[in-house]
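In what follows, a single structure is set out as structure tokens and then discussed.
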Amino acid sequence: MMKKIITFFVAAMIAVSTIHAQTIAEGIKDINYEKDKTAISILKKLYDANPKDPQTIYWYGQALLAAEGLPTPDQLNAAKAVYQKALTDGVNDPFIWIGMGHVELLQGGDLNSAKQKFEQAITATKTKKGENPDILNAIGRANADGNSTTGDPVYGIEKLKRAAELNKTNPDIYINMGICYRKLGGENGGDAVKSFLDALARDPKNVMAQYQIGQIYLSQNNKEALESSFNGAISADPTFPLAYLSLFKYYAEKDVNKAKDYLDNYVKYADKDPSTDYWMADYLFRAGKYNESLAKAKEIEASIPAGSMPRINILYAYDYDRLGDSIQAKSYAEKFFAVATPSIVQPSDYDLAVKIFSKFPGSEMQAVGYLEKAIAADPSKENKILYADQAASLLGKAKLYTDQLKWYQKVIELKGGTTSEFDYYNLSMIAFNAKDYVQTMSIAKNYIAAFPDKSQGYFFNVKAAKAIDSATAIDPIIQQNEFLMKDSVKNKKLIFNNYYFLLVYFVDKMKDNQKGLEICDKMLALYPDPGEENDFILKTKDVLQKALAPPPPTKKPASKSSTGFVSGKAPGSAT
């Protein structure tokens, strides 16, 4: 899960001293910068000093939720405990209700129950001037958090639009709105960028708006735009670690030396904790120092609670794969995918899974299961297509053609629009390999209708029809020959072979010698000159003509019947 921008509530909402407000603001900034260790430290001290201040309680809970990029069950429960204690202690504040609803969304609870808490908070803070924009903003943020299946981003956008009408200066409303649009995926990327630009219109030096725009361009692999956005964030605040980390990730597979420069700056400004060390281990892998990467990963693992950093296991898998130990690589990949939520899985992790599991016959469906999770979690249409295509390819290599066909059909469904000739060809080939000849013919007929001037549709239609039975193949062969006759010189041999099939069918199976003669005449038109084919046709035609000729009359000797009349005449007939 990409950590979501935290809303900076207006100073007037913080009913504490100026120094206190600045300290909370510092904690919020550290949450935004993913300096979770520092944020928790600051906000916990404030919470311990004043455990009944709603703002401190709310933000301390938010720091717990944000820690490590994705809340573990313990962190979720810890945040929930903080909010629940406040309610038990009589701090019955709307922001605490929102915090409880936020936790409920992240725990996969009842969406309607969470919304009920949100609506209660809106009603409780509503005045003659209307809703409280900071309450609306906090609700929008709660629904922006998590992956694409968490919360209700459409509901969040609705509340954030109202907040933007009521508060004309707070840029964070639009940042939360942009994140909600990103969660919706599909065609909503433009609205996401517009929202972040609206945030910049309110605050031209807003680091988080620049960063979020950069994230969109990073997902599109738009080098010029992503560099402009991330460097814009760095220009606004050179101590902002996330822009350096994003640039490290971008260059990690392109220019490892340049990536290292960005990593050094990230380490310089980020919290000093195991999550920072993880990226150093990742760099060592990128630099080809696999044993050093393994050693660093083991050092990190020894310093953290078991299972608290799932990506350690996939890093082991990467290293062992490069070291040629497929068994270890598979083992660690299985450990990773067994516990990893889709939001922390990167596209390259699925690539690795496909690579590893394809080496173990019988494990293909396991890898496909991971790809299914990727499709469900990733809002990017392009990534969904990539994952589905990987599944189809993996199943094809395993010769599981029926399953491959279903997945390739999903690829085409995800692409939308007009089916390309390349896709028609692949569909036809896979369906034929799956021995689903009826579906092959159906696909081939659509192929012919879409691309009547291309030969492969006719080819698959005939091939599948022959696999069903010879009678089914007649019309497809006739149709194919009509197409091939557009260049009878080039296609002469194939046309001749098709005619031979028709000849055998009509003469041997249908006993239609007259039809056979007609086909022979067409074959002679292809090969009029002496040669093997011409000789065959002439001999065949001679046999058919003789078979069609009436038998010559024969003179039978008269024989006297027992009744005394000549054979061939009816009894009692005239002489």
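Among the numbered conditions (1) in contact with a helix residue (DSSP H, G or I) (Cβ under 7 Å, 6 or more places away or on another chain); (2) under 30 Å from K399 (Cβ atoms), the only one that I327 does not meet is (1).
Restricting attention to the range 415-438, the residues that are part of a helix (DSSP H, G or I) and at pLDDT below 95 total 1. The number of residues in the range 489-523 being buried (at least 16 other Cβ atoms within 10 Å of the Cβ) and either in contact with a Pro (Cβ under 9 Å, 6 or more places away or on another chain) or among the hydrophobic types (A, V, I, L, M, F, W, C) (or both) comes to 11. Cβ-Cβ distances below 6 Å connect the following pairs, each with a first residue in the range 85-103 that is in contact (Cβ under 8 Å) with a residue 24 or more places away in the chain, a second residue that is aromatic (F, W, Y) and in a helix (DSSP H, G or I), and a separation of six or more residues or different chains: F95/Y58; I96/Y83; G99/Y58; G99/Y83; G101/F118.
Listed here are the residues, each with its yes/no results for (1) among the small types (G, A, S); (2) touching a Phe, Trp or Tyr at 6+ places or on another chain (Cβ under 8 Å); (3) more than 17 Å from Q404 (Cβ to Cβ); (4) surrounded by 15 or more Cβ atoms within 10 Å (Cβ to Cβ).
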{"position": "S343", "(1), (2), (3), (4)": "yes, no, yes, yes"}
{"position": "I356", "(1), (2), (3), (4)": "no, no, yes, yes"}
{"position": "S363", "(1), (2), (3), (4)": "yes, yes, no, yes"}
{"position": "G369", "(1), (2), (3), (4)": "yes, no, no, no"}
{"position": "A376", "(1), (2), (3), (4)": "yes, no, yes, no"}
{"position": "S380", "(1), (2), (3), (4)": "yes, no, yes, yes"}
{"position": "L386", "(1), (2), (3), (4)": "no, no, no, yes"}
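Scan the range 290-297 and give yes if some residue there is closer than 30 Å to G189 by Cα and crowded, with 19+ Cβ neighbours inside 10 Å, otherwise no. Within the range 290-297 (the criterion being closer than 30 Å to G189 by Cα and crowded, with 19+ Cβ neighbours inside 10 Å), the answer is no, since none of the residues qualifies.
Tell me whether the range 122-132 contains one or more residues that are part of a loop (DSSP other than H, G, I, E, B), touching a helix residue (DSSP H, G or I) at 6+ places or on another chain (Cβ under 7 Å) and among the acidic types (D, E).
First pass over the range 122-132, keeping only residues part of a loop (DSSP other than H, G, I, E, B): 126, 128-129, 131-132.
Narrowing further to those that are touching a helix residue (DSSP H, G or I) at 6+ places or on another chain (Cβ under 7 Å): 131-132.
Checking the rest, the ones that are also among the acidic types (D, E) come to 131.
There is at least one residue in the range 122-132 that is part of a loop (DSSP other than H, G, I, E, B), touching a helix residue (DSSP H, G or I) at 6+ places or on another chain (Cβ under 7 Å) and among the acidic types (D, E).
Residue-level check: of (1) buried (at least 18 other Cβ atoms within 10 Å of the Cβ); (2) free of Cβ contacts under 8 Å to residues at least 24 places away in the same chain, E158 misses just (1).
The values are calculated or read from the model by the stated rules, or taken from the named source; none is laboratory data. Note that the structure is predicted; figures quoted are calculated from it, not measured. Methodologically, a virtual Cβ is constructed for each residue, glycine included, from the backbone with ideal geometry; neighbour enumeration extends over all protein chains shown.
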